[in-house]
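Laboratory data are not the source of any read-out in this text; all were calculated from the coordinates shown. All of these numbers come straight from a predicted model, not from anything done at the bench. FYI the Cβ positions are ideal-geometry reconstructions off the backbone, even for glycines, and counts take in every protein chain you see.
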Amino acid sequence: MDDQKPGQQLPQGHFQMGGALRLATICLEAQSAQELTDFTASTPLVRLQDELGDYFIEDRELPAKWTRGAPCDICLIDFDRNRNRARVTAEKIHASFPEVAIFAVSSDSQPELIIQAMRSGCSEYLLKPIAREQLLQSIARIAGRRKEGQSAGRMVALVGAKGGVGVTMMATHLGAILARSHSRRTLLVDLHPAFGDAELYLGVLKYQYSFRDLAANADRLDTDLLQSFVVHHRSGLDLLAAPGAPRSPSLANPENIGASIDFLRRCYEVVLIDCPPGVSEDTRQAIYRADEIYLIGVPEIAAVRNLARLLEYFTRSGQPGGKIGVVINRWSKRNTITDEQIEEAIHAQISWKLPNQYYEVLHAITDGDPSGRSSSSELARRLEQIAAQIAKKNGAAANAAKSAKGLLALLDR
């Protein structure tokens with residue numbers, strides 16, 4: 001959960017706007033290769049990183065330099081030498097590195113061949129000879145798409161090792177603090193299929209629509225519709241509550257939930273997801289999209305066991321360890337299970353310890369405003385520290401998005 005250190009591998013999908021776009025080519029014939037060389041020499045924002053003379057083979061491993069991570073941002077594949085092998089190469093790259101933009105290069109403009117290339121994972125189709133303007137527009141489109149992705153809000157998923165460990169307490173406190181103390185446009189989504197408690201912790205006595213109702217309308221989402229669904233809390237936090245009673249799952253299937261979360265990230269600076277215990281298809285939609293995941297437990301045997309199971313599951317499912325933080329709630333020096341025993345059992349370090357201050361939490365729930373009570377308690381300080389870390393990372397992402405705005409103009413110089 002710490003900030004990125006120099007020399008660390010960048011997470012999948014990360015795009016460094018501060019550096020040049022890295023290009024790689026595969027089987028590019030001589031004239032096209034020269035045209036690309038001339039283009040890269042004309043701008044410092046694009047550099048030719050690698051030139052490969054062979055296609056990838058379907059049943060063999062990727063070349064060694066590709067096994068350590070994507071060595072480029074854009075890969076140009078010549079489809080004229082062997083269209084079938086070029087297709088296989090594009091499919092392997094797209095499957096292993098979906099963040100890499102793949103450009104098909106060909107002298108054949110038949111529509112069915114263009115469609116085949118796009119189906120294999122290519123996002124652009126360049127006709128020979130490669131004109132500077134054609135290449136410029138393709139690169140600009142890729143930069144624009146990535147700029148849009150970077151301008152999306154930061155998403156934090158909070159997952160409990162079991163029920164009753166304090167997920168909703170932590171989510172509501174962080175949301176209210178981010179909105180009131182850090183002036184972040186913040187949304188809290190209660191992902192429970194029914195009977196969630198987020199609205200209770202925020203003192204919301206009545207609401208008309210839930211997040212599930214919103215997800216059931218994923219095909220017509222816009223900002224006006226969103227505003228008719230959210231509940232505005234006096235701290236500045238917005239809430240999409242859980243349904244007050246079970247609903248038909250067909251109205252808000254996992255695909256609609258994922259699409260709704262993607263939309264919400266474009267509308268808010270921070271989106272907090274209060275996940276139900278366990279890992280369901282709905283929860284996976286949030287977990288796989290999250291920038292950060294807080295696994296929350298308490299110093300009890302069942303919770304510690306489940307923390308270990310969740311961490312093992314996330315590791316097997318390919319979640320980067322750097323985005324997962326373990327939070328131990330109701331911590332005390334007098335706990336029968338020590339910090340060392342917990343860390344040994346879960347094979348991970350504890351990121352945050354929230355002290356056991358039950359009456360502080362009870363007063364906040366009674367007030368209905370977690371950030372409204374001025375408190376110098378240790379619990380309040382710890383929650384403020386976590387919120388400040390989230391706000392800081394959100395600010396860094398916003399600055400990166402601003403720096404992207406000048407890229408397209410610079411490329412056209």
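Observations
- Between the listed residues 354, 160, 263, the Cα displaced farthest toward the positive end of the dipole of the chain, a dipole computed from Cβ unit charges relative to the Cα centre, is found at 354.
- The charge dipole of segment 163-300, taken about its Cα centre with unit charges on the Cβ of Lys, Arg, Asp and Glu (plus for the first two, minus for the last two), comes to roughly 300 debye.
- Translational diffusion coefficient (Stokes-Einstein; Kirkwood radius from C-alpha pairs) of segment 21-149 at 25 °C, 0.890 mPa s, in µm²/s: 167
- Summing +1 for each Lys or Arg and -1 for each Asp or Glu among the other residues whose beta-carbon sits under 13 angstrom from that of residue 114 gives 0.
- Crossing angle, helix 254-265 versus the chain [Cα axis fit, 0-90 degrees, rounded to tens]: 90
- Extension gain, residue 222 to residue 57: 0.36 nm times the residue separation minus the Cα-Cα distance gives 55.0 nm.
- Counting only Cα atoms, segment 35-78 measures 38, 22, 12 Å along its principal axes, largest extent leading.
- The angle separating the long axis of helix 167-181 from the principal Cα axis of greatest extent in the chain is about 80 degrees.
- On Cα atoms only, tilt of 83-96 relative to the major axis of the chain in degrees: 20
- Binned Cα-Cα distance frequencies in segment 153-404 - 5 Å width, integer %: 1, 6, 14, 18, 20, 18, 13, 7, 2, 1, 0
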